[in-house]
Amino acid sequence: WSFLLVHLIGVIFLTDYANKTGLLVLCATFGLHAGFAFSETFLWMLDQDGPDSVGPWSILVFFSCILYFHSFWMEATVLPPDYITSISLFFPMFPAFNAAVAFSCLELFLEWRWFPDFKIWKSFALLGAGLCICGQLLIASASRTGQRNYWASCRNMPEEEERPEDFVGLEIPDRRVVQEGVYRYERHPAYLGAMLWGLGIQIALCNPVMLVLVGFVLWASLLYVALEEEQELYDEFKGGYANYAALTCCWIPLFNSFLEDSAFQREMQDTCEEENENLQEDTEEEEIEDDLHSEDDLLPTWEGVPKGGSLWNRQFREPWMLG
C-alpha cells in the first residue's frame, strides 16, 4: 500500500518536481521498497514468506523500482541538469501507467481472495520475471546506445508548455539515425522492451484481465508513438531513415505492416507533391511560351502572301525588313 501511496503523492504533488533534496528522498523511498520487495520475492519462492505475504506483488514493486532508477540514472548522466525532475523517475509522467499499477493490484488481491487455488502459479511468476528482465535490458541498451538521440523529443517545446519563454530545447550535437547496437536488429528496441516489461508484469501476477487490457492499450499506444516518431524521422532524415527502415524490421506483432503502410503513404504523398510541383512548373513555362507566341503574332508574317510575287521575293533581298 505504501508503494501505491507514493505513486498517488507523486502524481498529485510531484509532477515536474525539481528540488534536489526531494528527488533524493524519492530515490531513497523507492530503494527501500526495492530491497524489501526483493527479499519478499525470494522468501515467497522458497515458501518461507509467512501468512502476511503479498506473493507476486513484490515482483511488480521490485521491477518498477528498477525501471524508475534506470530512467532517473540515465537522464542524470546524459541530459543537462536543468532537465532532471521527478518526471525523470518515469511514473509521474504517465497517468495510464499508474492506473495500470493500481488496477493490477486490485485484480491480484481480489482474485487471490476469491480463487486462491487457481490464482498463484510460480512458473508464471518466473516467466513474467524473465520477460521483465529482457524488457529492462532492451530499454537500457537502447538508451545507452542512442545517448541524447534517445531523448530527441526534448528538442521541441510541448504544446501545453505553461511558460514557453523559459523553455530551452535539448541540444543534440551528434543528431543522427542510430543504427548500431540493438538498433541493428530492431527499429524500436525501447518500445519492444516496454511491451515485454508490461506483459511480463501481468503474467507474473497471473492477471488474465489486466494482461489483455494492458497488452492492447500498450500495443496501441506504442504503435501511435512509433508512427509519429517515424514521420518526424522521415521528415528530418529523408532517404537516410527510409533506407534504415527498409533494412530493419520491428519485432512487435503487426507493427511492420502498419509502419510499412505508413511509409508507403508517405512516399505516395511525396510523389504526388513532386508531380504537382512539376506540373505547376510546366504550366508556368507553357504560359510564358504562349505569351511569347502572342507577342510574335503581332509581327507581320508570310502567311497568305502568294509565292513568286514581288513581296514574296523581297524577303530574300531585305530579310531584316519583314523578319
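The values are calculated or read from the model by the stated rules, or taken from the named source; none is laboratory data. Note that this is a predicted model, so its numbers are computed, not measured. Quick reminder, even Gly has a Cβ in these numbers, built from the backbone with ideal geometry, and neighbours come from all protein chains shown. Please note that ligands, DNA and RNA were not included when accessible areas were found on the heavy atoms of the full protein model with its side chains. Shrake-Rupley method; radii C 1.70, N 1.55, O 1.52, S 1.80 Å.
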What residues have an amide H closer than 5 Å to that of His188, excluding those fewer than 5 places away on the same chain, when H is modeled at 1.01 Å from N in the peptide plane?
Trp251
If you take the C-alpha gyration tensor of region 202-242, multiply each eigenvalue by 5 and take the square root, what semi-axes do you get, largest first, in whole Å?
34, 8, 5
Amide H partners (placed H, <5 Å) of Gln179, local residues excluded
none
Chain lengthening between Gln269 and Glu232 when straightened (0.36 nm per residue, less Cα-Cα):
11.8 nm
Run the numbers for Ser123 and Gln48: contour at 0.36 nm per residue of separation, minus the present Cα-Cα distance, in nm.
25.3 nm
Using a 1.4 Å probe on the protein heavy atoms only, what accessible surface does Ile120 show? Give it in Å² to the nearest 10.
40
Taking R0 as 35 Å and r as the Cβ-Cβ distance between Ala28 and Ala96, the FRET efficiency 1/(1 + (r/R0)^6), rounded to the nearest 0.05, comes to 0.85
Stretch gain in nm, segment Asp261-Val225, where the contour uses 0.36 nm per residue and the Cα spacing is subtracted:
11.4 nm
